[in-house]
Amino acid sequence: MTTKKIVFSGIQPTGDFHIGNYIGAIKRWVAEQDLYDNIFCVVDLHAITLYQDPKILRAKIRQAAGVLLACGIDPQKSLLFVQSHVPAHAELAWILNCVTPVGWLERMTQYKDKSAKLESVSTGLLDYPVLMASDILLYQTDYVPVGEDQKQHIELTRDVAQRFNALYGETFAIPEGTIPKIGARIMGFDDPTVKMSKSLAAEQKHHAVGLLDSPDQVWAVLKRATTDSGKEITFSEDSKKAGVKNLLTVYQALTGQTQAEIENHFEGKLYGALKREVADVIIEALKPLQARYNELMQDTSALDAILQRAAEQAAARAAPTLRKAKEKVGFVV
Ligand code: TYM
């Protein structure tokens, strides 16, 4: 029996993973792999809460898994699987739906933001956080490493677990979200007032850097990064300097240097130099990952085998908790 704490996290295979996903989540998943019993999931059920072109989605699911392996997720140390391959996620989500008040879901800020832009809102979009709760609770998860934008969903997961436990008796461990100290919310390079996101990256050319972008593409984005009319390169909280702070945060997350070291390094330099250096640090970080990715994708049968095996193991790990939940609500199991 492992005594390691259990980590679960997920990522949607919609659009291309960007440097915000990397800094806020993936980088930490990789770095802390030895510390925990890790379960990582490509959440395709979540992806279809907004319409996805089926052909593109299928390709993106494999791409997502490939990128995660290329980033350093090690199948010997972590389970990496596709959500829809483990039916327990959808099954438990149904049971949890029945203890989750609709009002809790209507209050979710991501739901409010996403639904405000739509003419027709799917039930799945509203229910999204319950499926996320199911993902997490199925594995008796201790820690959920995510970016800041997922904090509210993790709170909801805890509330759902507590409500179920209170109604039916101890069933689920209460998980804790862990947010990185540096880079919990990377902002758009073109607009530092909004969070960097896969959906905006698909619409706005200079919004984000994708993990598979070439050095030229990285520079094309960084060159146009929004800064301000001043010239101090500091981690200032002044909202006018949000662009510079965002660039410095990316630099800090990727170099591991302290704020003081970084401010010292850039003292007297111009914004042009800052952008070039941030671009270079990103390009260097992406190089090994891209090389591994290209190698991996030459023959996707190995990738498919990894996903298949991990799904079988995940299903086996999820089974006792799903069974317990079914027993608790009174099903004949
Ligand atoms: P997703 O696919 O939007 O993002 C994956 C991870 O990247 C983080 N992230 C960011 N971090 C810093 N700055 C940003 N600009 C930024 N954008 C995204 C996210 O916080 C996330 O950690 N609902 C989840 C997927 C999910 C999940 C789960 C996560 C489904 N089930 C269970 C944890 C546990 C999502 O849409 O992430």
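The values are calculated or read from the model by the stated rules, or taken from the named source; none is laboratory data. Bear in mind that the values here come from a model prediction, so they are computed numbers and not experimental data. Here the Cβ is made from the backbone with ideal geometry for all residues, glycine too, and neighbour counts use every protein chain on show. The accessibility values were calculated without ligands, DNA or RNA, using every heavy atom of the protein model including side chains. Shrake-Rupley method; radii C 1.70, N 1.55, O 1.52, S 1.80 Å.
Please specify each residue of the range 174-189 satisfying the condition of being of a type outside the set (Gly, Ala, Ser) and either at positive phi or assigned to a loop (DSSP other than H, G, I, E, B) (or both). So that I can check it myself, show each step before the final result.
Filtering the range 174-189 for residues of a type outside the set (Gly, Ala, Ser) gives 174-176, 178-182, 185-187, 189.
Answer for the range 174-189, where residues must be of a type outside the set (Gly, Ala, Ser) and either at positive phi or assigned to a loop (DSSP other than H, G, I, E, B) (or both): Ile174, Pro175, Ile179, Pro180, Lys181, Ile182, Arg185, Ile186, Phe189.
So that you can scan it fast, the table gives a plain yes or no per residue for (1) surrounded by fewer than 22 Cβ atoms within 10 Å (Cβ to Cβ); (2) over 23 Å from Lys112 (Cα atoms); (3) outside the structural domain of Ile154 (by TED's automatic domain parsing):
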residue: Gly15; (1), (2), (3): yes, no, no
residue: Gly20; (1), (2), (3): no, no, no
residue: Ile26; (1), (2), (3): no, yes, no
residue: Asn38; (1), (2), (3): no, yes, no
residue: His46; (1), (2), (3): no, no, no
residue: Thr49; (1), (2), (3): yes, no, no
residue: Gln52; (1), (2), (3): yes, no, no
residue: Lys55; (1), (2), (3): yes, yes, no
residue: Ala64; (1), (2), (3): no, yes, no
Notebook entry, point to check: Are there any pairs, at least 6 apart or on different chains, whose C-beta atoms fall under 7 Å, with the first in the range 1-23 and near the ligand (Cβ under 10 Å from one of its atoms) and the second of a type in the set (Lys, Arg), and if so, which?
Noted result: Pro13/Lys60; Thr14/Lys60; Thr14/Lys198; Gly15/Lys198; His18/Lys198
Next item on the list: Report, by residue number, each residue of the range 99-117 that is outside any helix (DSSP H, G or I) and touching a helix residue (DSSP H, G or I) at 6+ places or on another chain (Cβ under 8 Å).
Entry: Val99, Thr100, Met108
Next item on the list: List every residue pair whose Cβ atoms sit under 6 Å apart, with the two residues 6 or more apart in sequence or on different chains, where the first one lies in the range 119-142 and is in contact (Cβ under 8 Å) with a residue 40 or more places away in the chain and the second, anywhere, is within 8 Å of the ligand (Cβ to nearest atom) and open to solvent by 10 Å² or more (accessible area, probe 1.4 Å).
Entry: Asp135/Gly10
Notebook entry, point to check: If a residue has to be open to solvent by less than 10 Å² (accessible area, probe 1.4 Å) and free of Cβ contacts under 8 Å to residues at least 60 places away in the same chain to count, how many in the range 153-182 make the cut?
Noted result: 5
Next item on the list: Would you be able to tell me the number of residues in the range 294-333 that are part of a helix (DSSP H, G or I), over 11 Å from Leu80 (Cα atoms) and among the polar types (S, T, N, Q)?
Entry: 4
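Pick from the range 190-234 the residues that are of a type in the set (S, T, N, Q) and in a loop (DSSP other than H, G, I, E, B): which of them is nearest to the chain's Cα centre (by Cα)? Break it down into steps so the answer makes sense when it comes.
Residues of the range 190-234 of a type in the set (S, T, N, Q): 193, 197, 199, 204, 214, 217, 226-227, 229, 234.
Keeping just the survivors that are in a loop (DSSP other than H, G, I, E, B) gives 193, 197, 204, 214, 226-227, 229, 234.
Working: Thr193: 20, Ser197: 10, Gln204: 20, Ser214: 22, Thr226: 24, Thr227: 26, Ser229: 33, Thr234: 28 Å.
Taking the candidates together, the pick is Ser197.
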Next item on the list: Working only within the range 76-93, note down all residues that are farther than 12 Å from Leu131 by Cβ and either open to solvent by 10 Å² or more (accessible area, probe 1.4 Å) or among the polar types (S, T, N, Q) (or both).
Entry: Gln76, Lys77, Ser78, Leu79, His85, Pro87
Notebook entry, point to check: Got at least one residue in the range 195-203 being within 10 Å of the ligand (Cβ to nearest atom) and under 22 Å from Asp37 (Cα atoms)?
Noted result: no
